[in-house]
Amino acid sequence: MHVAARRLPTWAWVTGLTSAAIVVVIGLAVQAGSGPKPAALDDRGPAASASDAPRPRKSLSAEGEDAPSKASVPPESGTGRRLVYALEADRVWLVDASDKALRSFTVWPGTMDPEPGEYEAGTRTAATTGSDGVAIEHVVYFAFSGGVNFAFSHASDGASPAPAEGKQTAGVRMPVEDGTALWEFASTGTPVVVVP
């Protein structure tokens with residue numbers, strides 16, 4: 001005796017395929033959220049360097065002590081609207097299209113530095129947890145090298161980061177007010193110029 005196969009109605013096929021597609025999209029979203037954050041690099045810019053040697057950290061000095069460096073945008077940092085990050089000075093400038101510094105502030109760098117050169121602000125994340133386990137906000141990624149993301153951010157509670165204790169960290173932290181200003185200034189594609 002031959003039994004005829006029952007054919008499923010079209011709506012059942014559509015529902016099944018839609019459900020399968022949703023599961024795949026959710027799986028991809030979870031994978032994307034847990035992987036490294038890509039950074040948009042300027043094609044002309046060098047690759048960032050994740051040096052094995054931890055960088056010695058400086059403490060923030062009082063703003064009055066380094067007033068001359070606040071006003072002067074570093075020479076040879078390009079022209080036009082850009083964010084400038086000076087590695088030795090541990091300072092950032094937000095520069096407008098007329099090359100005037102709108103804001104400048106000292107930062108707490110991680111133990112690693114990107115190579116000097118031209119980059120772009122890439123992925124932006126409103127809030128996450130840093131590699132050191134600290135809740136951070138206003139994260140602006142600008143370089144990626146050797147599995148390490150270089151990004152500007154501030155701790156949610158405004159605290160300065162603790163010493164890295166042998167860890168390799170590439171986050172550039174700053175006080176909350178400065179982190180908020182940087183977030184508002186550095187939309188995706190904003191040039192980021194790193195100078196020595």
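Within the range 163-184, which residues are within 17 Å of residue 84 (Cβ to Cβ) and assigned to a helix (DSSP H, G or I)?
Listed by number, the residues that qualify are 178, 179, 181, 182, 183, 184.
Looking at the range 144-174 only, could you name the residues that are over 10 Å from residue 131 (Cβ atoms) and of a type in the set (Val, Ile, Thr)?
Hit for the range 144-174 is 172, nothing else.
Please work out which residue is nearest to residue 105 (Cα to Cα), limiting yourself to the range 152-184 and to residues that are open to solvent by less than 10 Å² (accessible area, probe 1.4 Å) and at pLDDT 95 or above.
Ranking the candidates gives 174 first.
Does the range 134-151 hold any residues that are open to solvent by 20 Å² or more (accessible area, probe 1.4 Å), closer than 17 Å to residue 114 by Cα and of a type outside the set (Ser, Thr, Tyr), and which are they? Outline the logic, then answer.
Step one: list which residues in the range 134-151 are open to solvent by 20 Å² or more (accessible area, probe 1.4 Å), which gives 134-135, 137-138, 141, 144-149.
Next, only the ones that are closer than 17 Å to residue 114 by Cα stay: 141, 144-149.
Of everything in the range 134-151, those that are open to solvent by 20 Å² or more (accessible area, probe 1.4 Å), closer than 17 Å to residue 114 by Cα and of a type outside the set (Ser, Thr, Tyr) turn out to be 144, 146, 147, 148, 149.
Restricting attention to the range 72-86, and to residues there that are of a type in the set (D, E, K, R) and modelled with pLDDT of 95 or more, which single residue is surrounded by the most Cβ atoms within 10 Å (Cβ to Cβ)?
The qualifying residue surrounded by the most Cβ atoms within 10 Å (Cβ to Cβ) is 82.
Is it the case, given these coordinates, that residue 131 is in a loop (DSSP other than H, G, I, E, B), open to solvent by 60 Å² or more (accessible area, probe 1.4 Å), within 27 Å of residue 72 (Cβ to Cβ) and not acidic (Asp, Glu)? Write out each step before concluding.
On the way: in a loop (DSSP other than H, G, I, E, B): yes; open to solvent by 60 Å² or more (accessible area, probe 1.4 Å): yes; within 27 Å of residue 72 (Cβ to Cβ): no; not acidic (Asp, Glu): yes.
No; evaluated as a whole, the condition is false for this residue.
Quick one: count up the residues across the range 116-128 that are open to solvent by less than 40 Å² (accessible area, probe 1.4 Å) and closer than 18 Å to residue 175 by Cβ.
So the answer is 0.
Are any residues in the range 87-110 out of contact with any helix residue (DSSP H, G or I) (no Cβ under 8 Å at 6 or more places or on another chain) and either open to solvent by 10 Å² or more (accessible area, probe 1.4 Å) or in a strand (DSSP E or B) (or both), and if so, which ones? It would help to see each step written out before you state the result.
Within the range 87-110, the subset out of contact with any helix residue (DSSP H, G or I) (no Cβ under 8 Å at 6 or more places or on another chain) is 87-88, 90, 93, 95-100, 108-110.
87, 88, 93, 95, 96, 97, 98, 99, 100, 108 - these are the residues of the range 87-110 that are out of contact with any helix residue (DSSP H, G or I) (no Cβ under 8 Å at 6 or more places or on another chain) and either open to solvent by 10 Å² or more (accessible area, probe 1.4 Å) or in a strand (DSSP E or B) (or both).
So that you can scan it fast, the table gives a plain yes or no per residue for (1) touching a strand residue (DSSP E or B) at 6+ places or on another chain (Cβ under 6 Å); (2) of a type in the set (Lys, Arg):
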| residue | (1), (2) |
| --- | --- |
| 101 | yes, no |
| 124 | yes, yes |
| 127 | yes, no |
| 132 | no, no |
| 147 | no, no |
| 179 | yes, no |
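The values are calculated or read from the model by the stated rules, or taken from the named source; none is laboratory data. What you see is a predicted model; the values in this text were computed from it and never measured. When we count neighbours, we look across all protein chains shown, and the Cβ atoms used for this are built from the backbone with ideal geometry, even at glycine. Side chains included, ligands, DNA and RNA excluded: accessible areas come from the protein's heavy atoms. Shrake-Rupley method; radii C 1.70, N 1.55, O 1.52, S 1.80 Å.
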